[in-house]
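What follows draws every value from the coordinates through simple rules; no lab data is involved. These numbers come from a predicted model, not from an experiment. Cβ coordinates were reconstructed from backbone atoms using ideal geometry, including for glycine residues, and neighbour counts include every protein chain displayed.
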Amino acid sequence: MIRLEALTYAYSNHAPIFEAFDWQAQRGEAWVVLGPSGCGKTTLLYLLAGLRQPTAGRVIVDGQPLTRPRPHTGLILQDYGLLPWATVRQNVELGLRVRLFYGPDGKHAPEDFRPDVDILPWMERLGLTAVQDQYPGQISGGQRQRAAIARTLALQPDLLLMDEPFSSLDAPTREGLQNLTLELWSEKKLTLVVVTHAIEEAAILGQKILLLGLPPNRQATIIDNPGAAQADFRDTADYLSLCRELRGRMESNA
Amino acid sequence: MRRRDVILALIGIAVVWQALSKTLNLPILPPPLAVLQAFFKGLENGDLLQHALASLWRVVAGTALSIALAAPAGLVLGQSQQLNRFFSPLIYLTYPIPKVVLVPIVLLFFGIGDLPKIILIFMILFFQILVLVRDQAANIRPELIQSVRSLGAGRRALFRFVYLPASLPAILTALRQSVGTAVAVLYVAELFATQRGLGYYIYYSGSTLFDYPAMYAGILALSLMGVSLYFGVDWLERRWCPWLYAN
């Protein structure tokens, strides 16, 4: 599904963050990119979203080299992703309205896009019906992230990218949304890439964990975590030992 | 602000005015009732109305012209750091010039008629709108832009769904801040080289006809125009930017 081929990326006049970096993710896998601040994990997500272009090398998604955002990729950011002047419902509809704006041109919207997509089931599924006429400033952080998820999933993506999606939420809300994310991932057979700096979140969401260190990142460090996405994984000894291992690795990387 | 308070304030002003006029007993300060009479007479015989409409047209045309040119320019500057770097010293120098001092120059260049007045109002509003829209557009969070881009939005859709609605409050704030100044400068501009407009009417009634109630009626009309433009902008903001008022 995703292949990075000798990826090099550097912001202008800065040392490279990635240097000849190779990495692959298969369709349907749940990945977490974990690392300390400044390791380049958000940059990696923007590269996967087609919002940034590599300095050298290639980003290949679904067999195609990426040169711009791909209609079947969904991106959810930590915060500020919703239009403050639009109601929850209008925000959830935004992706569809953008597609209607261009029509099915294969560039901004998929060629097979049909304008009759209904957002209502998504509003209901994510518990947004009661707040549909409110503005993002009036609802809770958890509801805002639910709205962002509904907006993205209404476009039926096959690849879902999330940048620190739950880091500003309180613990119970965060756990609820982590479970929901896993539920939707398995139900919609998504390929999932979540970027986080939280070790616990990585252990819960990532079947596979890509560990980034201080730049430049040259080699992919991958940790398998088959227990993720299973019910009650949080309460197992495996979970605790994985967290311990991740913490140790992050400390030795820093 | 409650409507009742506004009405009370209005009554307060009228009472003070009435008392002053009674105490001073001078022709240059007629009582409010006499002014109201002159005001309605002027509306009825079309004299005052015609001047008021001339002024209103200049304000509306100048405002429309400045929005039409400043809002897109502000959006472009807000999106492009390079262009902004090039133009901002120019704006920095010209923005604070009190535009009223340019009245003689504008009149010399554009002669008599509506055009110089419209251009003056345009010059006042243009910079206000330009600067506020530019700053608003530049301050849109990159996360917002990126997440809308990830939904497939290119330049046109970003403009339609992000930049345009984001700049609307800035346009309205600019209008609210400067519509009073615009009316004041219009008054000054209408003192010269014209026989139409409230500025002319006020000046002519006061210093040539010595018809003071008519002069005050003109002042009242000009004030009403300023106040209604101000409240009109408020009303538009409530209608077009409801999210600003959602608790």
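Some observations on this one:
- Between 0 and 90°, nearest 10: helix B:32-44 axis offset from chain B longest Cα axis: 70 degrees
- Cα centroid of segment A:170-193 to Cα centroid of segment B:150-167, whole Å: 29 Å
- Sorted by Cβ density within 10 Å, fewest first, the residues A:139, A:209, B:97: B:97, A:139, A:209
- Along segment B:18-29 the Karplus relation, 6.51 cos²θ - 1.76 cosθ + 1.60 evaluated at θ = phi - 60°, assigns HN-Hα couplings of 4, 5, 4, 4, 5, 5, 6, 6, 10, x, 7, 10 Hz to successive residues, with x for each Gly and Pro.
- Residues whose amide H lies under 5 Å from that of residue A:221, counting only those 5 or more places away or on a different chain, are A:211; hydrogens are built 1.01 Å from N in the peptide plane.
- Mean ellipticity per residue at 222 nm, deg cm²/dmol - from DSSP H runs of n ≥ 4 across chain A, formula -39500 (n - 2.57): -10500 deg cm²/dmol
- Which of A:124, A:5 has the fewest Cβ neighbours within 10 Å, and the rest in rising order: A:124, A:5
- Of all lysines in the structure, those lying under 22 Å Cα to Cα from residue A:188, and not within fewer than 8 positions of it along the same chain, are A:208.
- Mean partner shielding of peptide B:190-203, defined as the number of other chain Cβ atoms within 10 Å of each residue Cβ, is 0.
- For the residues of A:80-93, the average number of beta carbons from a partner chain within 10 Å of their own beta carbon is 4.
- The trypsin sites (Lys or Arg not before Pro) of segment A:23-87 that meet both conditions, a loop assignment by DSSP and at most 13 other Cβ atoms within 10 Å of the site Cβ, are A:27.
- Euclidean distance between Cα centres, segment A:18-41 to segment B:81-95, Å: 41 Å
- The packing ranking of peptides A:42-48, B:205-211, highest mean first, is A:42-48, B:205-211, where packing means the average number of other beta carbon atoms within 10 angstrom of each residue.
- Average Cα contact separation per residue, chain A, under 8 Å, 6 or more apart, as relative contact order %: 27 percent
- Shape call, chain A: gyration tensor on alpha carbons, a/c limit 1.5: oblate
- Only one residue of A:26, A:49, A:142 has its Cα farthest out toward the positive end of the dipole of chain A, where Lys and Arg carry +1 and Asp and Glu -1 on Cβ, and that residue is A:49.
- Averaged over B:237-243, number of beta-carbon atoms from partner chains that fall within 10 Å: 2
- Converting phi to 3J(HN,Hα) with the Karplus coefficients 6.51, -1.76 and 1.60 and the offset θ = phi - 60°, segment B:133-143 yields 5, 4, 5, 4, 5, 6, 8, 5, 5, x, 4 Hz in sequence order, with x at every glycine or proline.
- Listed peptides B:55-61, B:8-14 by packing density, highest first (mean Cβ within 10 Å): B:55-61, B:8-14
- Segment B:127-194, Rg to Rh (Cα coordinates; Rh as Kirkwood inverse mean 1/r): 1.24
- With θ taken as phi - 60° and the Karplus curve 6.51 cos²θ - 1.76 cosθ + 1.60 applied, the whole-hertz 3J(HN,Hα) list for segment B:78-91 is x, 8, 10, 4, 5, 4, 5, 4, 6, 8, 5, x, 5, 5 Hz, x standing for glycine and proline.
- Coordinate range along principal axes, alpha carbons of the protein assembly as shown, Å, largest first: 96, 47, 45
- A:113, A:21 arranged by Cβ crowding within 10 Å, fewest neighbours leading: A:113, A:21
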